[in-house]
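Following: one structure in structure tokens, then a few remarks.
The values are calculated or read from the model by the stated rules, or taken from the named source; none is laboratory data. Everything numeric in this text was worked out from a predicted model, so none of it was measured. All Cβ positions, glycine included, derive from the backbone under ideal geometry; neighbour counts span all protein chains shown. What goes into the accessible areas is simple: the full protein's heavy atoms, side chains included, and nothing from ligands, DNA or RNA. Shrake-Rupley method; radii C 1.70, N 1.55, O 1.52, S 1.80 Å.
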Amino acid sequence: MHEHIRKRCIRLGELLIETRETVRVLAKMTGYSKSTVHKDLTERLPTIHEGLAEQVKEILAYHKAVRHIRGGEATKNKWKERASQ
């Protein structure tokens with residue numbers, strides 16, 4: 001693996017821990033694609049830095065557990081906005 005990919009994985013992992021944002025938000029913040037960010041955090045990071053990868057895994061598991069709530073809120077807000085127009 002190239003050194004710049006290793007550095008990117010660690011930087012993304014640290015940024016996720018610091019901000020606790022979703023993969024989609026991290027992708028927008030950094031300019032990488034959502035797929036790249038997800039692959040770096042879930043597949044590449046465990047081979048580079050196990051401790052950091054465990055912390056990242058916990059945050060990603062939390063986001064996965066609450067995504068149905070976020071989706072429901074987004075739909076609710078969409079319809080509320082349409083009703084007020």
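Points to keep in mind about this one:
- Qualifying positions in the range 44-75 - within 11 Å of LEU16 (Cβ to Cβ) and β-branched (Val, Ile, Thr): VAL56, ILE59
- Qualifying helices (runs of 4 or more DSSP H) (wholly inside the chain; at least 3 residues being without any contact (Cβ under 8 Å) to a residue 60 or more places away in the chain and open to solvent by 50 Å² or more (accessible area, probe 1.4 Å)): 3-19, 23-30, 34-39, 50-84
- From LYS78, LYS7, residue being basic (Lys, Arg), more than 15 Å from the chain's Cα centre (by Cα) and at pLDDT 95 or above: LYS7
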